[in-house]
Amino acid sequence: MEAKIGIEQKFLAKVAFELSRLLADEFTLYTKTRNAHWNVEGPHFHISHKLFEDQYELLDEAIDDVAERVRSLGHYAPASLKDFLKLTRLSEQSLGSNDSAAFLKELLQDHETIIVTCRGNIKTFMDDYQDAGSSDFITGLMERHEKMAWMLRSHLV
């Protein structure tokens with residue numbers, strides 16, 4: 001059923017598409033963070049293992065929030081690995097070794113990509129698509145990623 005929430009359908013479709021891409025990024029980052037949690041090795045194993053667990057739990061919440069935002073706009077959220085891989089801006093492959101520093105750097109880069117993406121869509125959602133709700137939503141999501149990025153960055157100094 002079509003959502004009649006005061007936003008033109010063509011704008012809802014554009015916002016839903018951008019949120020679907022963001023959902024794919026979130027799912028890809030979640031998977032990479034799980035990989036880091038499962039496969040980290042080295043002298044900082046315990047603290048890194050716990051940090052990655054904390055982060056994938058936060059990402060799991062973000063995934064659900066983004067998918068539900070897409071649904072609230074009257075569109076279906078992508079929900080297959082194939083769709084996520086087509087939509088994501090992130091690489092699904094971990095390129096470094098299994099030491100904590102390599103995982104930290106790669107995950108930090110992915111968080112920063114999501115932050116920049118969110119920041120770039122805030123004004124577009126508000127001004128071009130007249131969707132203050134989605135603009136506010138991705139502002140909050142961006143802030144969550146900024147905090148997660150800070151946590152990762154702090155382990156690298």
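Descriptive notes on the structure:
- Taking region 1-38 as the range and being of a type in the set (D, E, K, R), more than 17 Å from ASN121 (Cβ to Cβ) and either surrounded by fewer than 16 Cβ atoms within 10 Å (Cβ to Cβ) or in contact (Cβ under 8 Å) with a residue 40 or more places away in the chain (or both) as the test, the residues that pass are GLU2, LYS4, GLU8, LYS32.
- Leading residue by the ranking (farthest from the chain's Cα centre (by Cα)) among those in region 39-57 that are buried (at least 16 other Cβ atoms within 10 Å of the Cβ) and closer than 26 Å to THR139 by Cβ: LEU51
- Residue ID - farthest from ALA13 (Cα to Cα), chosen from residues in region 64-79 that are touching a residue at least 24 places away in the same chain (Cβ under 8 Å) and in a helix (DSSP H, G or I): ASP65
- Qualifying residue in region 126-143 (condition: modelled with pLDDT under 95 and crowded, with 17+ Cβ neighbours inside 10 Å): no
- Residue under evaluation SER154, criteria (1) under 16 Å from ALA24 (Cβ atoms); (2) out of contact with any Asp or Glu (no Cβ under 8 Å at 6 or more places or on another chain); (3) among the hydroxyl-bearing types (Ser, Thr, Tyr), criterion not met: (1)
- Test: residue in region 2-20 that is touching a strand residue (DSSP E or B) at 6+ places or on another chain (Cβ under 6 Å), more than 19 Å from GLY140 (Cβ to Cβ) and either outside any helix (DSSP H, G or I) or among the β-branched types (Val, Ile, Thr) (or both): no
- Selection from region 60-111 of residues that are of a type in the set (Ser, Thr, Tyr), modelled with pLDDT of 95 or more and surrounded by 19 or more Cβ atoms within 10 Å (Cβ to Cβ): THR88
- Residue match in region 82-89 (condition: of a type in the set (S, T, N, Q), within 22 Å of VAL157 (Cβ to Cβ) and in contact with a Phe, Trp or Tyr (Cβ under 9 Å, 6 or more places away or on another chain)): no
Matching residues to (1) touching a strand residue (DSSP E or B) at 6+ places or on another chain (Cβ under 9 Å); (2) acidic (Asp, Glu); (3) touching a residue at least 40 places away in the same chain (Cβ under 8 Å):
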{"residue": "ALA62", "(1), (2), (3)": "no, no, yes"}
{"residue": "LEU81", "(1), (2), (3)": "no, no, no"}
{"residue": "LEU85", "(1), (2), (3)": "no, no, yes"}
{"residue": "ARG89", "(1), (2), (3)": "no, no, yes"}
{"residue": "GLN93", "(1), (2), (3)": "no, no, no"}
{"residue": "GLY96", "(1), (2), (3)": "no, no, no"}
{"residue": "ASP99", "(1), (2), (3)": "yes, yes, yes"}
{"residue": "LEU108", "(1), (2), (3)": "no, no, yes"}
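The values are calculated or read from the model by the stated rules, or taken from the named source; none is laboratory data. What you see is a predicted model; the values in this text were computed from it and never measured. Here Cβ is always computed from backbone atoms with ideal geometry, including for glycine, and neighbour counts include all displayed protein chains.
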